[in-house]
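Each reported figure results from applying straightforward, stated rules to the coordinates on display, with no laboratory input. Computed from a predicted structure; not experimentally measured. Heads up, the Cβs are rebuilt from the backbone with ideal geometry, glycines too, and the neighbour counts pull from every protein chain shown.
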Amino acid sequence: MAIRTMAFRDYMEWSLFDPDIGYYTCRAKIGLSGSDFITAPEVSPVFSLLISEQIIELDDYLGNPEKFYLIEAGPGNGTMMRSVLTCIKLLHPHLFERVCPMMIETSPFLRQQQFKRLSSLSLKNAPVWMEMNSLPVEKVDGVILGNEFLDALPAHWIRMAGGGLEEVYVEVDADRVLGHSYEPLVNRDIVNYLDWIGVELPEGCETDISIDAISVLGKLDSILDRGFMLWIDYGDSASEKYSQRRSRGTIRGFKDHQLIDQVFDHPAGSIDLTAHVDFSGVMKRLVELGHRFEGYSDQMSYLIALGIDQVLQENQLSKEEVIAASTLFHPLQMGRVFKVLLTSKGIGPKKAMKGFPRESLLPLLVPDRGDPGLFG
């Protein structure tokens, strides 16, 4: 293969999703042992228990439809969907009879793991697998759920230098990174994004912008008639993500449970690559699509409001299980860096949702200048 040069966004997409070398398509390792990273459902089943209670509440707000679609974007190895469905079966058998699981997954490698984990659940409505570019035309009622999905979508890597924007380009030979450089920005979509979100990048700052993470919301919204979107991921509001404090950007890699800052030291496809989610952009786009803001919180406050303390007190858990569950909401572990956003569509005004006490519903600071939106 000849030496190629590509924008970092294209490199990230190739490195993660290429059919031949992509990390997620060929070798994603998620879990405790022998893996590269772990997500909340693998940390402790308490996480899925609390999420299932939230979903049961959302089903009630929908009026308990005959078919309740539980749609997970980027289901990983299937642990979360399996655990949530298992909890729903125990807590709310009537919902379990109506639930229609849908998995949005492009990786055959991960689909096999998901299928294996869900095959023993005796669901009345068998799970359906879909790809993002071939979603059904028929609209449904339910919940679209994503845990550590948006952070894995390709992101542009840019910086402000000398009063102008530059973008990172990567030079590769086969799967080996030869180097990277900063070139004058030619992609107007990035400039439009910064203007849309109301951000002026400080001089000398680097950052990452995932237009893919924003555009995918429209695809998902196209299948939702009435329902909710629940996003859980590490990220920040725009005012924080694009601030001087984040002057090096948020592109990171993970391998063997180690955080990797120098992502170009590893061959393409060999590590997980991520970027912090711009939750201001996510919320702004969903509002443009007709969603109502229901709640935004860090994971610590969210899980406490859902009753994680009570769960830990009422259940006979071992010391090790309690320590694992505490990781979910400890402020120096997963509690602060992870954020939770809930929106609704086609639902009348309701009281404060579980996980989001009314006094905590502080809107993200996104200027609304009455513009037509990033996507027209």
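Sticking to Cα atoms, compute the Rg of the stretch 71-158 to one decimal and its Dmax as the biggest Cα-Cα distance, whole number, in Å.
Final numbers for Rg and Dmax: 13.8, 50 Å.
Among TYR61, TYR69, which comes first, then next, by fewest other beta-carbon atoms within 10 Å?
So the ranking, lowest neighbour count to highest, is TYR61, TYR69.
Taking the Cβ of SER107 as the centre, find all other residues whose Cβ is under 15 Å away and add up their charges (Lys, Arg: +1; Asp, Glu: -1).
Taking every Cβ under 15 Å from that of SER107, the sum is -4.
By how many degrees, between 0 and 90 and to the nearest 10, does the Cα long axis of helix 108-118 differ from the longest principal axis of the chain?
Helix 108-118 sits at roughly 20 degrees to that axis.
Treating only the Cβ of Lys, Arg, Asp and Glu as charged (+1, +1, -1, -1), what charge dipole size does the stretch 119-170 show about its Cα centre? Round to the nearest 20 debye.
For this selection, approximately 140 debye.
Output the 0 to 90 degree angle, nearest 10, between the alpha-carbon long axis of helix 45-61 and the longest principal axis computed from the alpha carbons of the chain.
Once rounded, the angle reads 70 degrees.
Sort VAL287, VAL140 so that the residue with the fewest other Cβ atoms within 10 Å of its own Cβ comes first and the one with the most comes last.
Least to most surrounded, the residues fall as VAL287, VAL140.
With runs of 4+ DSSP H residues as the only contributors, calculate the mean residue ellipticity of the chain at 222 nm using -39,500 (n - 2.57) per run, divided by the residue total and rounded to the nearest 500.
-9500 deg cm²/dmol
Report the charge-dipole magnitude of the chain in Debye, nearest 20, computed about the Cα centre from +1 at each Lys and Arg Cβ and -1 at each Asp and Glu Cβ.
Dipole about the Cα centre, nearest 20: 900 debye.
Would you mind checking LYS219/LYS284; LYS124/LYS351; LYS29/LYS354; LYS89/LYS116; LYS255/LYS284 for any pair whose Cα atoms are more than 24 angstrom apart?
LYS124/LYS351; LYS29/LYS354; LYS255/LYS284
May I ask for the net charge around ASP18, where only other residues with Cβ less than 11 Å from the Cβ of ASP18 are counted and Lys, Arg are +1 while Asp, Glu are -1?
Computed value for this residue: -4.
Apply 1/(1 + (r/R0)^6) to the Cβ-Cβ distance of ASP225 and SER122, taking R0 = 41 Å, and write down the FRET efficiency to the nearest 0.05.
The pair ASP225/SER122 has a calculated efficiency of 0.90.
Would you mind ranking PHE264, PHE279, PHE47 by Cβ crowding within 10 Å, fewest neighbours first?
Sorted ascending by nearby Cβ count, the order is PHE264, PHE279, PHE47.
Suppose the chain between ALA161 and GLU57 were pulled fully straight at 0.36 nm per residue; how much longer would it get relative to their current alpha carbon spacing?
32.6 nm
Under a crude label model (7 Å from the Cα following the beta-carbon direction), how far is GLU321 from HIS94 in nanometres?
2.9 nm
When a/c is below 1.5 the answer is rounded, else prolate if a/b is larger than b/c, else oblate, so apply that to the stretch 52-107 with a ≥ b ≥ c taken from the square roots of the Cα gyration tensor eigenvalues.
Prolate, because a/c is 1.5 or more and a/b exceeds b/c.
Starting from the Cα of THR5, step 7 Å along the direction of its Cβ; do the same at GLU131; then give the gap between the two resulting points in nm.
Label-label distance for THR5 and GLU131, simple model: 3.1 nm.
Does the stretch 159-233 come out rounded, prolate or oblate, given a ≥ b ≥ c as the square roots of the eigenvalues of its C-alpha gyration tensor, rounded meaning a/c under 1.5 and, failing that, prolate meaning a/b above b/c?
Cα axes put the stretch 159-233 in the oblate bin.
Using a cut-off of 13 Å between alpha-carbon atoms, which aspartates and glutamates can reach LYS139, once sequence neighbours fewer than 8 places away in the same chain are excluded?
Those aspartates and glutamates meeting the cut-off are ASP221, ASP225.
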